[in-house]
Amino acid sequence: DEPLLRGIFEIGKRSCDVVLSARRLRWSPILPESPTGDSSVALQAQEETIEMEDVFSVKLKRRRFAGQKKGGTLLGITIFKCLNKEENKLTDCAVHLNNLSEDHCQSWFRHLKEILNGFQNRPKSLKVFVNPSSHKREATHVYYEKVAPLFKLADIKTDVTVTEYEGHAFSVLKECELQAFDGVVCVGGDGSVSEVAHGLLLRAQIDAGKDTDCVSKPVRAPVPLGVIPAGTTNILAHTLYGIKHAVTATLHIVMGHIQAVDVCTFSTPSKLLRFGFSAMFGFGARTLALAEKHRWMPSSQRKDFAFIKTLADLKPEECELSFLPLQIPHEDCHEKDRITLLYLGSKDQWQKIQGHFLNVSIMAIPCLCSMAPRGLAPNTRLNNGSMALIVVQNTSRTEFVKHLKRYTSAENQFNFPFVETYTVQEVKVQPRLKSGPDAKENMCLNAASAEGNHPWNIDGDLMKEASEVHVRVHPQLIDLYGVNTDDLESSQATCNCI
């Protein structure tokens, strides 16, 4: 930690001896000598430090008159750092180093900028998508009031697209020059993020010359994806940051915190449907399908109405589930070997269950949210190459409600005889259409199967499919701006997978 510069600045109305190294900035007040001539103890006790990896911007501080945009009297240097205020929340704060010498400040400014430019993961240019229709139509306000000022402060160039219709971001991603950007940012809810993530990954397959109808071994997304929460549940944001907080999400992007995340492909026998992180079939999908039919209602009312209505009309789906369990390697295997062993299973190891299921969840990430602080799938992780398959068999409405309520508490939501959980790498879901005298009634009651299509909830986005859906997990297929909160959540997760 060899010093690069040493000088005197006024910090907090006190003259300080300031030392800059490649790793940190430290300072201590310049105190008059004590009568005994020993002031080292006092100096040491009052020394303060900033780690350079926590700094995201440095600016020359000038006094300007009203309307003056350039020039002005130099007052010193302002350093902006990322502060971990609470357990998961990040905020920004400023430290002012005051000195009236132009040459002195310019020299320090150049060295500080060189250090910041050395952090390779930090983006310099971002493509931004803002969904103005998310939640309470607050995404535009969130971006321009909370996110854009921090991007500007960090000298990040942005190209902003305010989406005008569903699929707009996807269309732009297929055509834009992605190599001009260091990352892509989505300001919106889970549906918006899902669309952008799908667009990024599909674009990667096109650029690699892959067949986009059959994607068995997809290539990774070319740039990281940033998620600014501005929706209702914001599952992906909660999972990445442990909190719904736009400034926290923005600072993770600015600081270049990158987390590799597993992604699923959802396919029929003939085509790729979607890249995604999680899906629900049954109750979770029926609820979303009903909510989408009532888009004219306010967001929270629409979701509450759909939940209560679907619960009142609770009916199981008859289907066949085939799955390939995760192969757990020997304990002394290295991590890189573990990922390889995931795909060494033979077709003989497929397991099959048939029956009437109220809900089927397939999740490659823990899926945290405010209503499920431990996650909808607390036994999986962001990047361990596995999916959680959670099967809720047919049971009474009372017992099903007990299961749902457990998600909001610290209790084990899977500790019921009608709930089965599996750790898997592939799943096939084959719905069975009813026949006989009940078939006509069933078609009328099913809110989304007028044409024989069954609803799927994929990352909060509704899809309808009549045939078998094949779900595969692909380890670390995309980089997301954020941190791995798995360690925090795993200490709280106490349920046991079957």
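The values are calculated or read from the model by the stated rules, or taken from the named source; none is laboratory data. Predicted, not measured: the structure shown is a model, and the values here were computed from it. Here Cβ is always computed from backbone atoms with ideal geometry, including for glycine, and neighbour counts include all displayed protein chains. Surface accessibility is based on the protein's heavy atoms, side chains included, excluding ligands, DNA and RNA. Shrake-Rupley method; radii C 1.70, N 1.55, O 1.52, S 1.80 Å.
General observations
- Restricting attention to the range 394-426, the residues that are closer than 24 Å to L326 by Cβ, surrounded by 15 or more Cβ atoms within 10 Å (Cβ to Cβ) and polar (S, T, N, Q) total 5.
- Residue pairs whose Cβ atoms lie under 7 Å apart, separated by 6 or more positions or on different chains, with the first residue in the range 123-144 and at positive phi and the second assigned to a loop (DSSP other than H, G, I, E, B), are H135/G189; H135/A230; H135/G231; H135/T232.
- G199, sole failed condition from (1) touching a strand residue (DSSP E or B) at 6+ places or on another chain (Cβ under 9 Å); (2) closer than 21 Å to E87 by Cβ: (2)
- Qualifying residue in the range 185-207 (condition: without any contact (Cβ under 8 Å) to a residue 12 or more places away in the chain and open to solvent by 50 Å² or more (accessible area, probe 1.4 Å)): no
- Some residue of the range 169-184 being open to solvent by 30 Å² or more (accessible area, probe 1.4 Å), basic (K, R) and not in a loop (DSSP other than H, G, I, E, B): yes
- N88 vs. criteria touching a residue at least 12 places away in the same chain (Cβ under 8 Å) and within 21 Å of the chain's Cα centre (by Cα): yes
- Of residues in the range 477-487 being assigned to a loop (DSSP other than H, G, I, E, B) and closer than 29 Å to L273 by Cβ, the one modelled with the lowest pLDDT: T485
- Enumeration of residues in the range 122-144 that are crowded, with 16+ Cβ neighbours inside 10 Å, basic (K, R) and closer than 13 Å to G231 by Cβ: none
Residues are listed down the side, and each one gets a yes or a no for (1) modelled with pLDDT under 85; (2) more than 20 Å from Y407 (Cβ to Cβ); (3) of a type in the set (V, I, T); (4) assigned by the TED database to the domain that holds T395:
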{"site": "T268", "(1), (2), (3), (4)": "no, yes, yes, no"}
{"site": "F281", "(1), (2), (3), (4)": "no, no, no, yes"}
{"site": "A289", "(1), (2), (3), (4)": "no, yes, no, yes"}
{"site": "K293", "(1), (2), (3), (4)": "no, yes, no, yes"}
{"site": "R302", "(1), (2), (3), (4)": "yes, yes, no, yes"}
{"site": "F307", "(1), (2), (3), (4)": "no, no, no, yes"}
{"site": "L311", "(1), (2), (3), (4)": "no, no, no, yes"}
{"site": "L314", "(1), (2), (3), (4)": "no, no, no, yes"}
{"site": "K352", "(1), (2), (3), (4)": "no, yes, no, yes"}
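- Qualifying positions in the range 207-244 - polar (S, T, N, Q) and either at positive phi or not assigned by the TED database to the domain that holds E145 (or both): N234
- Of all residues in the range 145-158, exactly one satisfies the criterion of being in a strand (DSSP E or B) and open to solvent by 70 Å² or more (accessible area, probe 1.4 Å), namely K157.
- So V193, is it within 18 Å of D461 (Cα to Cα), out of contact with any Asp or Glu (no Cβ under 6 Å at 6 or more places or on another chain) and in a helix (DSSP H, G or I): yes
- Any chance F151 is modelled with pLDDT of 95 or more and over 18 Å from I253 (Cβ atoms): no
Condition check ((1) modelled with pLDDT under 80; (2) at positive phi) across all residues:
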site: D438; (1), (2): yes, no
site: W456; (1), (2): no, no
site: G460; (1), (2): no, yes
site: E465; (1), (2): no, no
site: P475; (1), (2): no, no
site: E489; (1), (2): yes, no
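- Among the numbered conditions (1) on the phi < 0 side of the Ramachandran plot; (2) within 39 Å of the chain's Cα centre (by Cα); (3) in contact (Cβ under 8 Å) with a residue 24 or more places away in the chain, the only one that G76 does not meet is (1).
- Residues satisfying the stated conditions in the range 75-120, i.e. assigned to a strand (DSSP E or B) and of a type in the set (G, A, S): G76, A94
- Sole exception among (1) open to solvent by 10 Å² or more (accessible area, probe 1.4 Å); (2) part of a helix (DSSP H, G or I); (3) over 30 Å from T421 (Cα atoms); (4) touching a residue at least 60 places away in the same chain (Cβ under 8 Å) for T212, by number: (2)
- S322 being surrounded by fewer than 23 Cβ atoms within 10 Å (Cβ to Cβ), among the small types (G, A, S) and touching a residue at least 40 places away in the same chain (Cβ under 8 Å): yes
- Residues (part of a loop (DSSP other than H, G, I, E, B) and in contact with a Gly (Cβ under 9 Å, 6 or more places away or on another chain)) located in the range 121-137: N121, R122, P123, N131, P132, S133, S134, H135
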